[in-house]
Amino acid sequence: MDHFLYRDGVLHAEDVSIPEIAAQVGTPFYVYSAATLKRHISLFNEALEWADHLVCFAVKSNSNLAVLKLLGDLGAGMDVVSGGEFHRAIAAGVPGERIVFSGVGKTKDEMRLALGHNIRQFNLESEPEYRALSEVASEMGVEAPVAVRVNPDVDAKTHAKISTGKSENKFGIPIARAREVYAEIAKLPGLKVVGIDVHIGSQLTELEPFRLAYQKVAELTEALREDGHDITRLDLGGGLGIPYERSNDAPPLPIEYGQMVRETVGHLGCEIEIEPGRLVSGNAGLMVSSVIYVKEGEGRDFLIVDAAMNDLVRPAMYEAHHDIIPVIEAEPGVEQRGYDIVGPICETGDTFAKERNMAPLKSDDLIAFRSAGAYGAVMASEYNSRPLIPEVLVSGEQFSVIRARPTYEEMLGRDTIPEWM
Ligand code: LLP
């Protein structure tokens, strides 16, 4: 459920009408609903109520400071994968004790930064990485709390580009080698084992792959405990999918996921950490755009809109589907047309949808891309020198611009022409 509904035929974000925001900030823009973000965090908290747990929001899915602050104020932790994300989490008021650091390529500078803020946990992914962390922590005279990300060799049955738990992927340490690796870590100075980490992929629409992976983690927990390691936490990653197409079957709900977690690892008495991104932020956001032109092509009409692949890259990059709806609801019974919905960028890949049926639209009409709150703004670029589009946060009747559209002067001001030219 989200909070983007029609009222008297006009699409609203909570109690604010989308045309009102468009009039103030101009199109295109992203708009997020505070109530939806809050609701999604509470769904996970309810699903894991049976355990001591921490929901660590995957910052990569939406890293706007206001979004992070809103979630952090609800008690959420953060899962970060770079120094930049770490700085954002701290700036949003989330203490290091609630931040976990994931990713295959943490640099020593990033390790120092995180250790300086009493980070909750590093999720380690390779031997050279834990050796580097051991050196950095020893130099600083601290102990780094660590979990090893294990690769359970499970097929997540999702898009190949976002599947991470197969043995051929670059992520984690093969689960078969885990005991050996934990034994080695235990001997290194500056590292303190606290748990096990696993993440098998994103946009999973079934529970089975999770179940298989978590069963393997449960077995490993027992084996590692026998070896004398103090495994008190399990970080089970993110990845639960969202319904991108209202017309399709919905993926499992957080409550069902929580039940499966209980069945697979509940008996171990560990603190449970999860790292959801998309499920928290995805359906809490829309991207709003206006139609520039309707162009009649051969056998099809093109809807040329003012948003493009640089603003929302998922369709071009993963052939992802986003529902696209008119901001002013069509009159009932109006005959629909099939449109190819495209942006102004000079590439054929700048196509959001093909043969999408919609009630007839004309120049200046507003449309909204659903499920755009995750991996939307964060993946945007300035390709074709298009300014990054603003982000707006709505809560009840109020809304604020939480990232402004840069001016052309600001964009150009970042480049320097050398004096010798
Ligand atoms: N934890 C780790 C270690 C991850 O790598 C990811 C996502 C997550 C958590 C969060 O997964 P989520 O709950 O959001 O599925 N750009 C792609 C998605 C890439 C996901 C990468 N890792 C997309 O637009 O579909």
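Here, each number is a calculation from the coordinates, and none is a lab measurement. Note that the coordinates shown come from a computational prediction; the quantities given were computed from them, not determined experimentally. Cβ: placed from backbone, ideal geometry, glycine included. Neighbour counts: every protein chain shown.
Laid out as a table, the results:
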| item | result |
| --- | --- |
| Fewest-first sequence of Trp50, Trp420 by Cβ atoms within 10 Å of each Cβ | Trp420, Trp50 |
| Selected from Met111, Met287, Met358 as most flexible by GNM, with the chain as the system and alpha-carbon contacts under 10 Å | Met358 |
| Kirkwood Rh in Å, taken over the range 289-328 so that all alpha-carbon pairs contribute | 11.6 Å |
| Inter-part distance where the range 281-323 and the range 193-236 are each reduced to a Cα centre, Å | 39 Å |
| Within the chain, helix-based [θ] at 222 nm, where runs of 4 or more DSSP H residues each add -39,500 (n - 2.57), nearest 500 | -8500 deg cm²/dmol |
| Between 0 and 90°, nearest 10: helix 34-47 axis offset from the chain longest Cα axis | 30 degrees |
| Positive dipole terminus of the range 103-274, leading residue within Ile175, Leu253, Pro128 (C-beta point charges) | Pro128 |
| Cα-based helix-to-principal-axis angle, 208-226 vs the chain, degrees rounded to 10 | 20 degrees |
| Gap separating the Cα centres of the range 98-156 and the range 1-62, nearest whole Å | 32 Å |
| For the range 278-415: span of alpha carbons on each principal axis (Å, largest first) | 46, 38, 28 |
| Within a Gaussian network of the chain (alpha carbon springs, distance under 10 Å), most fluctuating of Ala58, Ala47, Ala330 | Ala330 |
| Tilt relative to the chain, helix 254-265 - C-alpha long axis, 0 to 90 degrees, to 10 | 20 degrees |
| For the range 282-297, Karplus couplings with θ = phi - 60° (6.51, -1.76, 1.60), whole Hz, Gly/Pro x | x, 7, 8, x, 10, 10, 9, 9, 10, 6, 8, 9, 10, 10, 7, x |
| Entries in Lys69/Lys108; Lys161/Lys362; Lys161/Lys354; Lys157/Lys187; Lys60/Lys166; Lys38/Lys170 that, when Cα-Cα distance is taken, lie over 31 Å | Lys161/Lys362; Lys157/Lys187; Lys38/Lys170 |
| Percentage relative contact order, the chain, counting C-alpha pairs under 8 Å, at least six apart | 20 percent |
| Candidates per GluC sites (Glu not before Pro) in the range 191-286, loop by DSSP, up to 15 other Cβ within 10 Å | Glu206, Glu245 |
| For the chain: Kirkwood Rh in Å [reciprocal of mean 1/r, alpha carbons] | 22.8 Å |
| Fluctuation leader among Arg337, Arg211, Arg39 - the chain, Gaussian network, Cα springs under 10 angstrom | Arg337 |
| Normalised contact order of the range 103-274, rounded percent, pairs of Cα under 8 Å and 6 or more residues apart | 20 percent |
| Compactness relative to 2.2 N^0.38 Å, alpha carbon Rg of the range 103-274 | 1.06 |
| Asp52 paired with Asn118, simple spin-label distance in nm, labels 7 Å along Cα-to-beta-carbon | 1.7 nm |
| For Glu391, net neighbour charge (Lys/Arg +1, Asp/Glu -1) across residues whose Cβ lies under 14 Å away | +3 |
| Cut-off under 5 Å, modelled amide H: who pairs with Ala372 long-range | Gly285, Leu286, Met287 |
| Farthest positive-ward along the range 224-352 dipole, Cα basis, beta-carbon charges - from His321, Tyr293, His229 | His229 |
